[in-house]
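Chemist: First, the structure itself, so that you have it in front of you.
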Amino acid sequence: MKRILLLMTTSSYRAQAFLEAAERVGVAAVVGSEREQALASANPGGNLTLDFADPEASARRVAAFAADRPLDAVLAADDDGVPLAAWAAAALGLRHPSPDSVRAARSKRVFRDRLATAGLPSPRYLEVGLDEDPVVLAHRAFYPCVLKPLSLSASRGVIRADDERSFVAAFRRIHALLARLTDASGVPDSSRSILVEEYLPGREIALEGLVTDGCLRTLAVFDKPDPLEGPYFEETIYVTPSRLPGNVQEAAQEQVQAALAAIGLATGPVHAELRVNERGVFALEIAPRSIGGLCSRALRFDGDASLEELILRHAVGDDVRRIERERAASGVMMLPIPGAGVLRGVRGRDEALRIAGIEDVRVTIPVGQHVEPLPEGSRYLGFVFARAQTPELVEGALRAAHGRLLFDIEPEAAGLSAATAGA
Amino acid sequence: MVTITEAARDKVLEILKDGDRKGVGLRVAITGRGRGPGGFGYELELIEEAERAPDDLVVDAGGFKLIVDAVSAPKLEGAVVDYVEDSTDSGFKIENPNSFFEEPAAAAVQKVLDEQINPAVADHGGFVVLLDVKDDTAYIQLGGGCQGCGMANVTLKQGVEVMIQRAVPEIKHVIDSTDHASGTNPFYQPAKGGGASPLA
């Protein structure tokens, strides 16, 4: 039986999906995580505790582990594990994106530099330090722009500014957020910079793919029908197949393929976020991993296979080129957090589940816990999944389900409880 | 018969002395299925002499009476009542060599839970309950910090399943019947962009 090292942090949404996939594919999984698992000592061959912040040193630990228990592949379930997976795979001579390509994909700044060097469409950008004077910076910036903290991901801390006043406000808000995170971790933030990017109007789409020997194979193109115009950029609905014209989808695939070449990313799963407008298609981000959260459940392939199964089979060298996504349309809605406070309850789940096409409603934050919306928040309230004959039906079902959900969030400061409708 | 350790006896005497309670005994009973050793639920309470049932078994524990529920007595044969105290936890603890499960494979699985798995997951505020064993499948439920935990599947697949199958080879499948969505205090919780989980 082939053995694969699955790297996942303890905040992963993907543990169940990848471990179930490993079982179905028939590969032995070793879980590498940044904290020791509860029963790790009873099964040292199935668990590894690794420092994800020090991928080079941890790669040596993985190599020592593999000396006794050979590994056939190393794969990161989430963003945080990707650098370590790259270093470990390189140390073991296994197929994986190179450490350099991973660095280029994960750094917003390096990614922009590489695309610009390759002559690919890219927004104007400027990197500024958190210790700089925002009032001075606001004079240098271009408008409208988007401020993105380099050390955060998944739209966290991303704020649009339309003028100098809103630039300064956004800068200070990001500064406060990063200071809070630094205080909480007790570790100085090593990348206290902000990327100031030209705001690109237009529609946003996402592309899920698998790369083999530098060639992209698109598994799905998702429409993101909710306008993402700021000031914050909360991702909500993803629906596939895309309703964009075929030539636009082809252009998107070409952009991703070109961007992959520009950063040297030659193998493995990729998740790309793109913006489409009259100027063309812009690759905003290409992550060397699959779609995040629980969103992969929106994808199903031949034989009822999950995306994780496909990725695992690809990682161990199986030929998955002929495996196609199902014909039905499908989608997922990441439930936005409507306000800060303590989640006291969620109502309407049964009503939401009764809507035609809705397959599941998952609330992933336990009742009683603090919730915080973007740009500061770092969690999804939950996920709604739908499947139907057409993308229109899927989108309609997701919106209707969201409209049935009521979140009781008690504002902490005011001490008052308010039911917030999902719609 | 049920025995009581010196630590447990001293603790009971301390409680009785502090409360100036006389004629009080420590009653032990099994309440049915539960997450305690052997797969039982236990009741341990201080009662007045007059409160005990007529058929309760009574033993002199040295300074107070140890009262054992008559119905529970066969399933408490050989059980030990202890009192443990360390930097993180303190309380009475029962060790019971008997099992709720008559069937040998189920009793063996319960023993693995009691002796290996539950003491380890207790560090994460969790516990694992054996619901049943049917043919080659053990049905379990996770609770406490394991219920809804983002790493529950890792605990299950990379720990619980391996440990049960190692000790009881006839068990081929371990099915988790937990309602994870109802977990209120999961040990590890998911977040966007990965990173270390906020601890509950």
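Chemist: As a test, work out the antiparallel percent of DSSP beta bridges whose residues both lie in chain A, rounded to the nearest 5.
Modeler: 85 percent
Chemist: How far is it, in nm, from the label point at B:GLU102 to the one at B:ILE15 when both lie 7 Å from their Cα along the line to the Cβ?
Modeler: According to this spin-label approximation, the distance is 3.4 nm.
Chemist: Could you give log10 I(q)/I(0) at q = 0.10 Å⁻¹ for the protein assembly as shown, computed by the Debye formula over C-alpha point scatterers of equal weight, without solvent?
Modeler: -0.95
Chemist: Remind me, relative contact order of the range A:328-423 in percent, using alpha carbon pairs under 8 angstrom and six or more residues apart?
Modeler: Relative contact order comes out at 39 percent.
Chemist: What fraction, in whole percent, of alpha-carbon pairs in the range A:1-114 exceed 17 Å separation?
Modeler: Of the Cα pairs, 52 percent sit more than 17 Å apart.
Chemist: Given that compact globular proteins tend to follow 2.2 N^0.38 Å, what is the ratio of the alpha-carbon Rg of the range B:3-95 to that value?
Modeler: Computed over Cα atoms of the range B:3-95, the ratio equals 1.06.
Chemist: Along its three principal axes, how long is the range A:124-198 when you only count alpha carbons? Whole Å, largest extent first please.
Modeler: 35, 24, 16
Chemist: Sequence gap of 8 or more, or different chains, plus Cα separation below 14 Å: how many lysine pairs satisfy both in chain B?
Modeler: Taking chain B as the scope, the lysine pair count is 5.
Chemist: Between B:SER182 and A:GLU20, take the C-beta separation as r, use R0 = 22 Å, and let me know the FRET efficiency to the nearest 0.05.
Modeler: With R0 = 22 Å, the Cβ-Cβ based efficiency is 0.60.
Chemist: What translational diffusion coefficient, to the nearest whole µm²/s, does the range A:71-173 have by Stokes-Einstein, given a Kirkwood radius computed over alpha-carbon pairs, a temperature of 25 °C and 0.890 mPa s viscosity?
Modeler: 155 µm²/s
Chemist: Relative to 2.2 N^0.38 Å, what does the C-alpha radius of gyration of the range A:223-349 come to as a ratio? Two decimals please.
Modeler: 1.21
Chemist: Let me ask something else. Whole percent per 10 Å bin, from 0 to the bin with the longest distance: what is P(r) over all C-alpha pairs of chain B?
Modeler: Once binned at 10 Å, the Cα pair distances of chain B give 8, 30, 29, 21, 10, 2, 0.
Chemist: Given the options A:ILE263, A:ILE311, A:ILE365, which has the most mean-square fluctuation in a GNM of chain A, springs set between C-alpha atoms less than 10 angstrom apart?
Modeler: Looking only at A:ILE263, A:ILE311, A:ILE365, the largest GNM fluctuation is found for A:ILE365.
Chemist: Calculate how many DSSP beta bridges within the range B:1-131 are antiparallel, expressed in % of all such bridges and rounded to the nearest 5.
Modeler: Here the antiparallel bridges make up roughly 75 percent for the range B:1-131.
Chemist: Against the longest alpha carbon principal axis of chain B, how many degrees, from 0 to 90 and to the nearest 10, is the axis of helix B:6-18 turned?
Modeler: In chain B, helix B:6-18 runs at an angle near 60 degrees to the longest axis.
Chemist: Still on this model: For B:ILE94, B:ILE4, what ranking results if the residue with the fewest other Cβ atoms within 10 Å of its Cβ goes first?
Modeler: Neighbour counts put them in this order, fewest first: B:ILE94, B:ILE4.
Chemist: Moving to a separate point now. Inside 10 Å of the C-beta atoms of A:146-154, what's the mean count of C-beta atoms belonging to other chains?
Modeler: 1
Chemist: Please report the relative contact order for chain A, taking Cα pairs under 8 Å with a sequence separation of at least 6, and give it as a percent rounded to a whole number.
Modeler: For chain A, the relative contact order is 13 percent.
Chemist: To check you understand DSSP bridge types, tell me what percent of the beta bridges within the range B:104-182 (both residues inside) are antiparallel, rounded to 5.
Modeler: 65 percent
Chemist: Is there a simple number for the mean count of other chain Cβ atoms within 10 Å of the Cβ of residues in A:39-52, and what is it?
Modeler: Average per residue, whole number: 4.
Chemist: Shifting gears a bit: Mean Kyte-Doolittle hydropathy of -1.0 or higher plus an axial Cα length of 27 Å or more: which whole DSSP H helices in chain A meet both?
Modeler: A:164-185
Chemist: With a/c under 1.5 counting as rounded, go ahead and sort the range B:104-182 into rounded, prolate or oblate using the C-alpha gyration tensor (a ≥ b ≥ c being the square roots of the eigenvalues; past the cut-off, prolate if a/b is larger than b/c, else oblate).
Modeler: Taking the square roots of the gyration eigenvalues as a ≥ b ≥ c, the range B:104-182 is prolate.
Chemist: Averaging sequence separations of C-alpha pairs under 8 Å and six or more residues apart, then dividing by the length of the range B:3-95, give the relative contact order as a whole percent.
Modeler: 32 percent
Chemist: Hey, got the average number of other protein chain Cβ atoms within 10 angstrom for residues in B:117-124?
Modeler: If you average over the peptide's residues, the count of other-chain Cβ atoms is 2.
Each value in this text was obtained by applying a stated rule to the coordinates, not by laboratory testing. Computed from a predicted structure; not experimentally measured. Cβ coordinates were reconstructed from backbone atoms using ideal geometry, including for glycine residues, and neighbour counts include every protein chain displayed.
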